[in-house]
Structure formats: structure tokens, C-alpha cells
Amino acid sequence: WLKPRGLVGRGQGSAAKARATAMRQPVGGSAPPVMAMRTQARAVVSGAWSLGSPRPRRLRLCHGFSGPLAESWGTASCALRALGSLCMGGAVVACRLHGNRRSVRCPGRTLPGYRPQGRSCSMGRAAAKGESPAEGDGGDELSSMIDQLIQKSRSTTEVGITTEEWDDGLHDEVPESFNAALEAGTDFVDVLAGSSAVELLAKAELSLQPRYALRISPRGTLGLGLILNKSLVHKWSVLDPMEQSMKKLGISDVDTLVLHSSRVGRLSFPFWVYDAVAEAYKRGLCTRVGVSHPSPSAKALKRMAKELQDRGVALSCVFIRMSLLERTAVPFIQECKDLGLQVFATGVLGQDELASGRYTATNPTGGEISVPRFTLQQLMPLRPLHDALASVAARARTRCEKSIDTTMVAMQWICAKGANPLCDVSTKVNSEAVTGCKDWKLTADETELLDKAVLELGKR
């Protein structure tokens, strides 16, 4: 059923060969099922993993293997990676798709050579290409599971943490509220390689291990990228800053490798940057790949996705800036979803957090005993939005019977538009807002009320 060509390497003894032989023997003389399909499909491997989970999970597998069961919720190809969990005589091995070959993730290394055969593999390839599976290839049950995974990947939203505001020189250690957010279950953390946030996180004693989205601005090669050694260019442009940041953070891989560009203009990277990203992905240094740019376009994302696809990597997500006071990216979200990309939004509370609804003309200090941060001249023009935020928060508190403030409402508006908000948790208020966004959503009427308030601001 499988052809384990790379499991037994040179110098290994007969015991290793015997284990490899035992692993590839199917139970009962037939190929075991990939997964049982139910209303909520679950795979049981020393515990349970639910397809309803909004985040990829790592499973500890037999014979010391471990690997991501779901690598990317941003593209249809995540269905293939989830289907890569194959039962082999009681041992389960999580496989990753690398172009036309698969490899097995092990702690510290990758063993190439596994080529899954049969219906699940052919159906998965067809799903990734957007084609319909051939009749008889796995049946309605497996096809339904693939559809569920694809739909789940395009509809899931989660709230995360961003550290981009930690470079203001005001922080000499990780805020206590950061640990509080981690313990409450918000573990997706956006960090820029080489920033002071990396240094702070390296020195911190964290209660839980975050899932990092590591943004990397590829280093320039001064026009020598075409003539220098390929491996040297890859290491200099992407791999070296990535590995240095991971070493400081004390991790062996990141959840998301994000190509970051802060330059306003055309989204474009040299071909050797895509080569380096593909190398990082195939070496297991990242689970998925994304891009961050101030003003990306759908055409540029298609071009970038094609460059990565040619190298056996899928573009999974895009990072943008968006808030109630910065709405230009709202139409772009649907274009990203049409491309199968997950959208993460930073700056969700607006410049100086004026879109949070905490600092108003009647409460310029935000409830703090301090000198007002803003003048009435700055806050009065925003009064329609602040009033709408307060009204929606009051409605949501009554409807959901839980404590909801205007900051949570501002973040839920981002979710209502189809993006995943990433919020700075330097303050206790923001940390509580991030954790308080779970298990409730804005209604269509509440979202419309906020939209009208923002439009009213534009008329002033």
C-alpha cells in the first residue's frame, strides 16, 4: 500500500529493517482506512483531533514521529495535507506534500521517500487542482470530507496577537497581559524577524509555546543575486534571518513564514526569494507561507501564488492593515477569499487605538487616571462612530449575556468582514478584549449600524 523507500538508511541494522517491514504491513491484509467520516469527523491517535478545530494541531505519533496534521487553512491543498495521515499497521505517520513527493516529519529531520498510493492520494491531487474526483475514487464519503476541509479552511476566523507596536522603545520586557492572553488560548503571535519583539520574547519565560507567524523582509543582494552561489543567496536573503530568529525564540519551526514588504508599490520579490521560501518549507522550517504588504492586489497575489506553486508550495494567507477607520481593504478581502487565501488584519483598533471606542469626547482618558491623550478637537469628529460602538456593545451584552466592551465590538467587526484580527496586547484592556471575542459574533444589523456610522464620518 505504501512504498517506504527512504525509511531504512545506510548503516541501519536488521532491527530497523524489521520495524520498517512491520510498519508497512496492512492490518488484516488490506489497506487501512484513512479516517472515519461522521458528522464531526475525528481521527483518534493517542487522543482526538477534530476537523472542527480552528487551528492546526500537532499530534504525537507512534515510533517517535510527529507532524502537522493540517498545515494550511488558507488553500484547498490543506485537504491533501490532512489526508496525509495514513494508518499503517497501528502506526500513524503524518505526511507532507512536496511537489510530486511526500516526506515524513520527524523531530529534527525529514525522511523523504514515502509515496502514498491509492484513492485518497488521487482524490486529494484532484481537489488541490480544483477538479472533480473521478467516479469510484474513494466514494462519496471521502469526497464529502475533502469538501468539509476546504470549506472549513475558507470560513475559519481566529483572533491573534501582533507585536509590531513593541518596537516603540517603551517595552523592556514582555507585558504580563501577553502571558494572560496565551493562557486564555490565544496563541497565534505575529512577530517581525530582527525586531526588538524577538529579543523580548527570547528573554521571556512564557507559560505556553505560541504559534509564530514570522515576518521576514528578504535581504537585498546589491544586484549580485544572479551571479552568486544559489545556496549562498538563499541563506543570505531568507534562511539566515529566519534561522537566527527561530534560534532566539527557542523553536525549530514556525507556523507561518510571511514574506514582508513595507514598501508602498508593486508587490514583487526576486525569483531566488521564492526559491529560498520553498527550501525552508521543504526542510520543515515552516508549516505554511504568507505575504505581508501595505497595498497588495489580487493580480500580484495570483502571480506570487503561481511562483510558489511552481516550486511545490501553496500561498496560504495575506496580512493587511484594516480597522473601522481604515476600510480601504474591505473589498480586497473577498478577492483573497476567492483565491482561497486567509486574511489577517493588523492595526485593528486604528491609529492610537481611536477606533476602539475607549477614548471618546466624554471620556478622553479612556477610564484611566491620567492626562488626556487626545483633545476634544480630535475626538468630536469621531463621535458618531463611538456612539455606534457603545450602542452595539450594549445590544451584544443583552443578547449574549456576557461582558462585552467597545474594543471587542471593533475586533468583531473585522471578523464580520471576513478577516482575522491581530491585536496588540500590551495593555490589560486589550488582552481581555482579545480573549473576550470568543463564542459570539455581531449580527448583520449590528454590523450595518457600524458601517453607517463610518460612512457618516466620511460626510463630515
Say R0 is 45 Å: what FRET efficiency, to the nearest 0.05, do LEU170 and GLN377 get from their beta-carbon distance? 0.95
Over the stretch 282-379, one equal point on each Cα, no solvent: what is log10 I(q)/I(0) by the Debye formula at q = 0.10 Å⁻¹? -0.42
Measuring from its Cα centre, the stretch 360-460 shows a charge dipole (+1 at each Lys and Arg Cβ, -1 at each Asp and Glu Cβ) which, in debye to the nearest 20, is 100
In whole Hz, with x marking every Gly and Pro, tabulate ³J(HN,Hα) for the stretch 257-264 from phi via Karplus 6.51 cos²θ - 1.76 cosθ + 1.60, θ = phi - 60°. 9, 10, 6, 10, 9, 9, 7, 6
Can you compute the charge dipole magnitude of the stretch 177-283 about its Cα centre, using +1 on each Lys and Arg Cβ and -1 on each Asp and Glu Cβ, nothing else charged? Give it in debye, rounded to the nearest 20. 460
The long-range amide H neighbours of PHE188, using H built 1.01 Å from N in the peptide plane and a cut-off of under 5 Å, are ILE161, ARG211
Cβ-Cβ FRET estimate between ARG303 and ALA202, R0 fixed at 51 Å, reported to 0.05: 0.90
At most 11 other Cβ atoms within 10 Å and a DSSP loop assignment: could you name the trypsin sites (Lys or Arg not before Pro) in the stretch 253-346 that fit? ARG263
Longer than 18 Å from Cα to Cα, which of LYS306/LYS337; LYS203/LYS235; LYS282/LYS302; LYS337/LYS441; LYS235/LYS306; LYS337/LYS417 are they? Say none if no pair is. LYS203/LYS235; LYS282/LYS302; LYS337/LYS441; LYS235/LYS306
Averaged per residue, what accessible area in Å² does the stretch 342-460 show with a 1.4 Å probe, protein chains only? 47
Sequence-distant residues sharing a close amide H with ARG215 (under 5 Å, placed H): VAL191, LEU192, ALA193, VAL258
How large is the Kirkwood hydrodynamic radius of the stretch 330-388, in angstrom, based on all distinct alpha carbon pairs? 13.4
Estimated FRET transfer efficiency when R0 is 60 angstrom, pair GLU368-ARG311 (beta carbons, to 0.05): 0.75
Pulled fully out, how much extra length does the chain show between LYS428 and SER231, if you take 0.36 nm times their separation in residues and subtract their Cα-Cα distance? 66.4 nm
Label points 7 Å out from Cα along the Cβ direction at THR398 and GLU243: separation in nm? 6.1
Calculate I(q)/I(0) for the stretch 207-351 by the Debye formula, one identical point scatterer on each C-alpha and no solvent, and give its log10 at q = 0.16 Å⁻¹ to two decimals. -0.88
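The values are calculated or read from the model by the stated rules, or taken from the named source; none is laboratory data. Bear in mind that the values here come from a model prediction, so they are computed numbers and not experimental data. Note that we place each Cβ from the backbone using ideal geometry, even for glycine, and neighbour counts take in every protein chain shown. SASA here: full protein model, heavy atoms, side chains in, ligands and nucleic acids out. Shrake-Rupley method; radii C 1.70, N 1.55, O 1.52, S 1.80 Å.
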